[in-house]
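Notes to accompany the following structure.
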Amino acid sequence: MPAVQETVERVRRIDVDQYRYGFETQIESDKAPKGLSEDTVRFISAKKNEPAWMLEWRLEAYRRWLTMTEPTWARVDYPKIDYQDIYYYSAPKPKKTLSSIDEIDPEILKTYEKLGIPLREVAILEGVEPPPGGPPSPSRKIAVDAVFDSVSVATTFQKELKAAGVIFMPISEAIREHPELVQKYLGTVVPTSDNYFATLNSAVFSDGSFVYVPPGVRCPMELSTYFRINERNTGQFERTLIIADKGSYVSYLEGCTAPQRDENQLHAAVVELVTLDDAEIKYSTVQNWYPGNSEGKGGIYNFVTKRGDCRGKNSKISWTQVETGSAITWKYPSCILRGDNSSGEFYSIAISNGYQQVDSGTKMIHLGKNTSSRIISKGIAAGRSQNTYRGLVSAHRKATGARNYTACDSLLIGDKCGAHTVPYVEAKNSSATFEHEATTSKISEDVLFYCIQRGLSQEEAVGLVVNGFVKDVLQQLPMEFAVEAQKLISISLEGSVG
Amino acid sequence: MSLLEVKDLQVRVEEREILHGLSLTVNPGEVHAIMGPNGSGKSTLSHVIAGKPGYEVTGGQILFKGEDLLEMAPNERAAKGVFLAFQYPVEIPGVTTWNFLHAALNAQRKARGEDEISSPAFLRKVREVAKSLNIPQDMLKRGVNVGFSGGEKKRNEILQMALFEPAVCILDEMDSGLDIDALRIAADGVNALRSPERAMVVITHYQRLLNYIVPDVVHVMSKGRVVKSGGKELALELEESGYAQFEDAA
Ligand SMILES: Nc1ncnc2c1ncn2[C@@H]1O[C@H](COP(=O)(O)OP(=O)(O)O)[C@@H](O)[C@H]1O
Ligand SMILES: [Mg+2]
């Protein structure tokens with residue numbers, strides 16, 4: 001059998017067993033009644049002890065949502081979602097109020113241990129090999145917030161962050177403790193009326209992370225959130241809000257997993273980023289939600305709205321994503337380049353296999369003068385999957401000197417999958433310089449055989465070639481994540497659980 | 001026992017027979033040259049020995065140290081010591097040469113039940129080998145063959161040969177696309193790897209290469225068969241009179 005054919009066969013066989021994170025945790029949970037109504041919204045708000053303004057905000061979003069219809073323009077195809085058949089809130093039942101990590105249900109801690117997430121305050125992440133000849137990687141600290149179904153269960157390194165003046169806490173707590181900040185920024189990047197899924201999120205979001213970095217502060221460690229959907233029939237609607245005040249910097253990492261389920265589960269998150277003058281946010285995601293089994297049954301529907309607002313001059317927002325999971329991905333992390341000289345970046349690796357459908361890309365909206373943006377997208381399609389890059393680059397009338405560089409590369413493995421590139425460009429002034437490059441290639445028999453002749457297995461060869469293909473993007477990830485992402489890429493393509 | 005034994009090999013590609021009963025016996029320490037015009041099946045033979053997909057063996061057998069080579073997966077053959085220096089080495093963008101070599105060497109070692117070699121130890125080893133072949137260190141940091149000149153690509157093949165220490169090396173048109181200086185450097189590299197345990201099969205269209213790598217045995221191939229075998233003087237004879245005389249024999 002020709003090498004590529006063999007890969008295709010192997011890829012086809014990828015099954016639920018190969019999803020490494022497919023375990024379920026047995027814990028008692030506290031759920032809202034099934035379905036969506038004003039009462040559901042009030043229930044969630046009450047559970048979170050929210051102030052009245054927050055409840056009003058949610059209800060307004062809910063009423064708006066009732067008037068909206070689900071979008072159909074993306075190249076994804078799925079049966080109608082029954083929004084009344086979903087639990088909108090599920091919390092692990094706490095024994096009492098938690099004041100430290102030691103009080104977290106050990107079952108949950110075990111879950112996170114299985115996921116390899118350092119919830120304990122361990123400063124050194126091991127197992128990262130230094131580059132050849134390079135210095136050994138310095139031990140780095142990562143503060144972690146973990147969201148389990150609907151609630152945030154632990155935020156580590158609170159003390160050190162506090163000393164630097166950085167606020168990093170569950171958004172539910174921020175609503176109570178820092179209402180002025182939340183009110184000032186929430187919904188200013190992604191308005192409650194933005195789109196069907198964002199509006200739904202605004203009504204029912206249950207938790208997520210809140211970050212505020214004060215002026216001039218360089219956040220002393222990477223901030224990280226891990227999301228896990230555990231409960232059956234539960235939607236996860238997290239909300240993240242990150243504000244980098246003038247001259248500050250923060251790097252934020254997000255990881256996602258879910259157990260294997262026959263039914264589809266809905267995930268509709270909203271992430272809002274704001275950078276003021278001279279500030280920078282680097283936001284990295286490794287998304288590995290359950291993709292469904294080999295027949296395309298089950299898996300997460302991932303409808304996510306992520307947007308950053310470079311509100312201040314000389315500010316910068318950089319999105320890096322590694323998308324390997326979910327049955328359906330609908331996701332366009334975008335930048336609004338409002339401040340003069342601001343810049344936005346989007347680095348993406350999107351891998352689809354089996355029956356996965358990915359429709360992802362970015363929007364770079366140039367509003368300020370001399371703004372620049374850069375888009376590097378690597379799509380890899382295998383099995384019977386469909387992988388679409390959808391991007392918009394636009395320059396407003398006043399955005400003189402806007403510059404964009406876009407490079408979209410697609411790699412096909414086998415001949416039952418598809419890769420598509422849908423770039424939209426709008427330049428409303430003549431001084432904009434937009435460059436676009438796109439390539440589509442097939443993984444070559446000769447390259448695979450060369451590797452195999454040198455002793456690599458078929459799977460190792462595919463992993464190596466694909467990792468080379470995505471290297472430009474992998475390099476953008478913080479090192480710990482890059483190593484994890486590299487492994488994940490191999491696993492999701494080859495079905496060889498490490 | 002001979003190291004490599006090809007017996008009456010018949011091979012088809014897409015329903016067309018390319019090799020019509022080819023035999024070849026290579027003993028440890030020997031260097032064999034296979035010469036023949038374009039299209040005579042030289043690359044096909046090397047691919048079948050290495051296990052490239054797409055070829056159908058319809059008859060005959062290949063023994064390696066007495067074992068049935070055709071039963072082994074291609075990466076298993078590599079781990080057991082079969083090395084093919086490609087006529088057209090491929091480029092692998094984004095994968096550094098040293099990374100590739102490290103992964104390959106470890107895969108071979110793992111297959112042989114040996115311990116994996118750590119990054120620092122590997123780095124020492126590969127630097128040493130590169131130095132002995134006059135290969136600049138920075139070539140190791142570049143993507144596999146990406147932007148390499150013809151000479152660099154061939155030298156990279158020889159570097160791998162030196163690193164993996166195979167029992168049988170098959171060099172397919174190592175001289176193609178090389179100028180005389182590059183050819184000499186490459187040939188020096190190959191000669192340095194000659195040893196009493198190792199055998200080499202040097203495939204070439206031209207006699208020129210054999211001035212630098214002097215073979216023990218020369219085979220002339222035509223239309224999918226070995227039509228004549230002899231000592232190194234056979235190559236010179238061919239240089240004089242060309243391949244035409246063998247066309248009829250085939
Ligand atoms: N993949 C292939 N498909 C069809 N014909 C092939 C293929 N590979 C080789 N051939 C044919 O087999 C014959 C021998 O080719 P090859 O082994 O490359 O010869 P050489 O290396 O001696 O030049 C040629 O006629 C060539 O056209
Ligand atoms: Mg040839």
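List of remarks:
- Single residue of region A:383-393 satisfying the filter (buried (at least 20 other Cβ atoms within 10 Å of the Cβ) and either of a type in the set (Asp, Glu) or over 19 Å from A:TYR78 (Cα atoms) (or both)) that is farthest from the chain's Cα centre (by Cα): A:VAL393
- Criterion: under 19 Å from the mean Cα position of the chain (by Cα) and open to solvent by 10 Å² or more (accessible area, probe 1.4 Å) - qualifying residue of A:ASN288, A:ASN293, A:ASN341, A:ASN314: A:ASN288
- Taking residues in region B:76-103 that are more than 18 Å from A:LEU464 (Cα to Cα) and among the aliphatic types (A, V, I, L, M), and partners anywhere that are within 16 Å of ligand 1 (Cβ to nearest atom) and in a strand (DSSP E or B), the pairs with Cβ atoms closer than 6 Å and at least 6 places apart or on different chains are B:LEU84/B:ILE170; B:ALA85/B:LEU171.
- Residues considered: B:TYR243, B:TYR212. Of these, the only one that is without any contact (Cβ under 8 Å) to a residue 60 or more places away in the chain and aromatic (Phe, Trp, Tyr) is B:TYR212.
- For the residues B:GLU114, B:GLU157, B:GLU173, the requirement of being surrounded by fewer than 22 Cβ atoms within 10 Å (Cβ to Cβ) and either without any contact (Cβ under 8 Å) to a residue 40 or more places away in the chain or within 16 Å of ligand 2 (Cβ to nearest atom) (or both) singles out B:GLU114.
- Here region B:49-68 is the region considered, the condition is being open to solvent by less than 10 Å² (accessible area, probe 1.4 Å) and among the β-branched types (Val, Ile, Thr), and the residue that is farthest from ligand 1 (Cβ to nearest atom) is B:ILE62.
- The residue of region B:1-20 that is farthest from B:VAL190 (Cα to Cα), among those that are within 16 Å of ligand 1 (Cβ to nearest atom) and not in a strand (DSSP E or B), is B:GLU15.
- Within region A:451-466, restricting attention to residues that are in contact with a Ser or Thr (Cβ under 7 Å, 6 or more places away or on another chain) and within 10 Å of chain B (Cβ to nearest Cβ), the residue that is surrounded by the fewest Cβ atoms within 10 Å (Cβ to Cβ) is A:GLN458.
- Residues that are more than 10 Å from chain A (Cβ to nearest Cβ) and out of contact with any Leu (no Cβ under 6 Å at 6 or more places or on another chain) number at least 1 in the following strands (runs of 3 or more DSSP E) confined to region B:36-133: B:56-64.
- Options A:PRO79, A:PRO92, A:PRO51, A:PRO71: the member that is closer than 23 Å to A:TRP289 by Cβ and modelled with pLDDT of 85 or more: A:PRO71
- Only one of the listed residues (B:VAL11, B:VAL57, B:VAL95, B:VAL82) is away from ligand 2 (no atom under 16 Å from the Cβ), modelled with pLDDT of 95 or more and over 15 Å from the mean Cα position of the chain (by Cα). That residue is B:VAL57.
- Test: residue in region B:21-41 that is away from ligand 2 (no atom under 16 Å from the Cβ), among the hydroxyl-bearing types (Ser, Thr, Tyr) and in contact with a Lys or Arg (Cβ under 8 Å, 6 or more places away or on another chain): yes
- Taking the numbered list (1) within 13 Å of another protein chain (Cβ to nearest Cβ); (2) crowded, with 17+ Cβ neighbours inside 10 Å; (3) modelled with pLDDT of 90 or more in turn, A:GLY401 passes all entries but (1).
- Residues that are surrounded by fewer than 16 Cβ atoms within 10 Å (Cβ to Cβ) and either within 16 Å of ligand 2 (Cβ to nearest atom) or in a strand (DSSP E or B) (or both), drawn from region B:197-207: B:TYR206
- Just so you know, in region A:426-439 the residues that are surrounded by 15 or more Cβ atoms within 10 Å (Cβ to Cβ) and not in a loop (DSSP other than H, G, I, E, B) include one that is farthest from the other protein chains (Cβ to nearest Cβ), and it is A:ALA427.
- Residue under evaluation A:ILE365, criteria (1) assigned to a strand (DSSP E or B); (2) touching a residue at least 60 places away in the same chain (Cβ under 8 Å), criterion not met: (2)
- Residue-level check: of (1) more than 12 Å from ligand 1 (Cβ to nearest atom); (2) part of a strand (DSSP E or B); (3) surrounded by fewer than 19 Cβ atoms within 10 Å (Cβ to Cβ), B:ALA33 misses just (3).
- Failed condition for A:ARG374, given (1) under 30 Å from B:LEU84 (Cα atoms); (2) open to solvent by 30 Å² or more (accessible area, probe 1.4 Å); (3) modelled with pLDDT of 90 or more: (1)
- Residues of region A:296-318 satisfying the condition of being in contact (Cβ under 8 Å) with a residue 40 or more places away in the chain, assigned to a loop (DSSP other than H, G, I, E, B) and within 25 Å of A:ALA485 (Cα to Cα): A:GLY296, A:GLY298
- For B:PHE83, the conditions (1) within 16 Å of ligand 1 (Cβ to nearest atom); (2) open to solvent by less than 20 Å² (accessible area, probe 1.4 Å) are fulfilled apart from (1).
Per-residue answers, yes or no, for (1) at pLDDT below 90; (2) in contact with a strand residue (DSSP E or B) (Cβ under 9 Å, 6 or more places away or on another chain):
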{"site": "A:ALA438", "(1), (2)": "no, yes"}
{"site": "A:VAL447", "(1), (2)": "no, yes"}
{"site": "A:ASP472", "(1), (2)": "yes, yes"}
{"site": "A:SER492", "(1), (2)": "yes, yes"}
{"site": "A:VAL497", "(1), (2)": "yes, no"}
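- Selection count, region B:159-178, where residues are more than 16 Å from ligand 1 (Cβ to nearest atom), closer than 18 Å to B:GLN87 by Cβ and either more than 14 Å from chain A (Cβ to nearest Cβ) or part of a helix (DSSP H, G or I) (or both): 4
- Any hit, region B:179-196, residues being within 16 Å of ligand 2 (Cβ to nearest atom) and in a loop (DSSP other than H, G, I, E, B): no
- Residue satisfying condition, being away from ligand 1 (no atom under 16 Å from the Cβ), touching a residue at least 60 places away in the same chain (Cβ under 8 Å) and within 14 Å of B:GLN10 (Cα to Cα), within set B:SER40, B:SER23, B:SER46: B:SER23
- The single condition among (1) buried (at least 23 other Cβ atoms within 10 Å of the Cβ); (2) modelled with pLDDT under 90 that A:ILE108 does not satisfy is (1).
The values are calculated or read from the model by the stated rules, or taken from the named source; none is laboratory data. Quick caveat: nothing in here was measured; it's all calculated off a predicted structure. With ideal geometry, Cβ positions are generated from the backbone for all residues, glycine too; neighbour counts draw on all protein chains shown. Just so you know, the surface numbers come from the protein's heavy atoms only, side chains and all, with ligands and any DNA or RNA stripped out. Shrake-Rupley method; radii C 1.70, N 1.55, O 1.52, S 1.80 Å.
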